[in-house]
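The values are calculated or read from the model by the stated rules, or taken from the named source; none is laboratory data. Bear in mind the structure is a predicted one, so any value in this text is a computation, not a measurement. FYI the Cβ positions are ideal-geometry reconstructions off the backbone, even for glycines, and counts take in every protein chain you see.
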Amino acid sequence: MKGFEYLQEELDQMKEQGTFRKLVPLESEQGSKVVIDGREVIQLSSNNYLGLTSHPRLRKAAIEATEKYGAGTGSVRTIAGTFSMHEELERNLAKFKHTEASLVFQSGFTTNQGVLSSILTSEDVVISDALNHASIIDGIRLTKAARKVYKHVDMEDLERALKECSDYRVRLIVTDGVFSMDGNIAPLPQIVELAEKYDALIMVDDAHASGVLGENGRGTVNHFGLDGRVHIQVGTLSKAIGVLGGYVASTQTLIDYLIHKGRPFLFSTSHPPAVTAACIEAINVLLEEPELIEKLWDNAKFFKDGLTKLGFDTGKSETPVTPVIVGDEKKCHQFSDKLLEYGVFAQGIAFPTVSKGQARVRTIVTAQHSKEELQEALNLFEKAAKELNIL
Ligand SMILES: *Cc1c(COP(=O)(O)O)cnc(C)c1O
């Protein structure tokens, strides 16, 4: 069909530059090993930190909810699509996060969009870390608020921005709790101090910290002992929680406001029973099986130490998100392809997800990996990197 030549041209350029990527379909369930192209390979690219995507208790909850309540909900939350289980999940999430209330959105992405777009006006300013997630950036694009970006985790630069913003009605500082491409943790104690000094609100996106950091995986706010001092906590139910969805945990006032103004919440159908029931069970698992998080951190340490000993550059990672920084985009994708050929699925991540010249193979180990699998992956990283002169 004619009409898309201008898009094809750009795609052809990407092919020339070696940055055109195909989707990689899995032929098995998610796990420490997955089947790709008929071959079993070690999975190091998922966000399935605790292995909950296939946890027997979540599977069972999803099946039972489907049998009892069906496959879908038939409406948006605000018309006829709120089931009692949706509210049960929200009560449990609020309790888990030590906040007054919580509200579930269709995804972490729409949570950030919905929250930022509804609570800020042209009288306000949003102050954002330079490496915040795309969903935060898009949420900010949807507001009429003034925008300031501070240098990544640079507290002097954040203070400079705050000093310039005294005239606005609301100053909202937004940061990822754990940065998804580097695995470093936001300096929340300092951010809270500055926010209190300059009378600002704080919003933390704990997508990569929920189920990973803090007591039973409560996230970065709890990890730093800052319960009650961060105004808005966003989390996802799609990463360590293993299912799908996003949520905001905060005051009853904010939640009531979002029920009336959060556009993805108002105009998009609620989660099916299987999703909601599995999320409820996932929070129970976090509370009742803390050994999963211990295993995750033990594995993360083992793998990170192994990479460092081999001489790889793993950047500033402090969490199970461990980048292996290659730099050049094309080489990075070659490295990833070679790893897959040898039996390790570790995706290359390049511009625009990370800056130009900062391409990396990003790894996330899970609680499901055995030490043998991780050691085998390390051996194959060494072999592939030597062949490509990365080490
Ligand atoms: C993955 C991610 C999201 C999006 O979450 P989904 O539930 O997958 O939509 C939002 N913020 C951050 C920081 C993320 O890493």
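Summary of values
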read-out	value
Whichever residue in region 158-173 is buried (at least 17 other Cβ atoms within 10 Å of the Cβ) and free of Cβ contacts under 8 Å to residues at least 40 places away in the same chain and, among such residues, is nearest to the ligand (Cβ to nearest atom)	LEU158
Hits in region 118-154 - residues which are within 16 Å of the ligand (Cβ to nearest atom) and either assigned to a helix (DSSP H, G or I) or of a type in the set (Lys, Arg) (or both)	ALA134, SER135, ILE136, ILE137, ASP138, GLY139, ILE140, ARG141
Checklist (1) touching a strand residue (DSSP E or B) at 6+ places or on another chain (Cβ under 6 Å); (2) within 20 Å of ALA207 (Cα to Cα) applied to GLN106, failing item	(1)
Residues that are outside any loop (DSSP other than H, G, I, E, B) and either surrounded by fewer than 20 Cβ atoms within 10 Å (Cβ to Cβ) or near the ligand (Cβ under 9 Å from one of its atoms) (or both), drawn from region 220-234	HIS223, VAL234
Residue list for region 246-266, restricted to those being crowded, with 24+ Cβ neighbours inside 10 Å and assigned to a loop (DSSP other than H, G, I, E, B)	GLY262
Test: residue in region 290-297 that is aromatic (Phe, Trp, Tyr) and either surrounded by fewer than 16 Cβ atoms within 10 Å (Cβ to Cβ) or closer than 30 Å to MET203 by Cβ (or both)	yes
Selection count where residues are under 23 Å from GLU164 (Cβ atoms), away from the ligand (no atom under 11 Å from the Cβ) and β-branched (Val, Ile, Thr), scope region 174-208	3
Selection count, region 308-332, where residues are under 16 Å from LYS383 (Cα atoms) and buried (at least 22 other Cβ atoms within 10 Å of the Cβ)	4
Residue in region 314-323 that is among the aliphatic types (A, V, I, L, M) and not in a helix (DSSP H, G or I) present	yes
Boolean, LEU307 is more than 19 Å from the chain's Cα centre (by Cα) and in contact (Cβ under 8 Å) with a residue 12 or more places away in the chain	yes
Looking only at region 174-189, and only at residues there that are outside any loop (DSSP other than H, G, I, E, B) and touching a residue at least 40 places away in the same chain (Cβ under 8 Å), the one that is farthest from VAL248 (Cα to Cα)	ILE185
Verdict on THR269 being among the hydroxyl-bearing types (Ser, Thr, Tyr), surrounded by fewer than 23 Cβ atoms within 10 Å (Cβ to Cβ) and without any contact (Cβ under 8 Å) to a residue 12 or more places away in the chain	no
Given (1) without any contact (Cβ under 8 Å) to a residue 60 or more places away in the chain; (2) on the phi < 0 side of the Ramachandran plot; (3) in a loop (DSSP other than H, G, I, E, B), number of the condition GLN13 does not satisfy	(3)
Filter pass, GLN358 being within 21 Å of the chain's Cα centre (by Cα) and either β-branched (Val, Ile, Thr) or modelled with pLDDT of 95 or more (or both)	no
Residues being polar (S, T, N, Q), in contact with a Leu (Cβ under 7 Å, 6 or more places away or on another chain) and either assigned to a strand (DSSP E or B) or crowded, with 24+ Cβ neighbours inside 10 Å (or both) - total across region 78-112	1
Hits in region 233-289 (condition: of a type outside the set (A, V, I, L, M, F, W, C), more than 22 Å from GLU100 (Cβ to Cβ) and out of contact with any Ser or Thr (no Cβ under 9 Å at 6 or more places or on another chain))	GLU281, GLU288, GLU289
Options ASP176, ASP129, ASP138: the member that is charged (D, E, K, R), closer than 25 Å to SER238 by Cα and under 14 Å from the mean Cα position of the chain (by Cα)	ASP176
Qualifying residue in region 192-209 (condition: within 15 Å of THR110 (Cα to Cα), of a type in the set (Gly, Ala, Ser) and assigned to a strand (DSSP E or B))	no
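Conditions (1) at pLDDT below 95; (2) over 21 Å from VAL243 (Cβ atoms); (3) in contact with a helix residue (DSSP H, G or I) (Cβ under 9 Å, 6 or more places away or on another chain); (4) within 16 Å of the ligand (Cβ to nearest atom), marked per residue:
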| residue | (1), (2), (3), (4) |
| --- | --- |
| TYR69 | no, no, yes, no |
| THR82 | no, no, no, no |
| ALA94 | no, no, yes, no |
| GLU100 | no, yes, yes, no |
| LEU116 | no, yes, yes, yes |
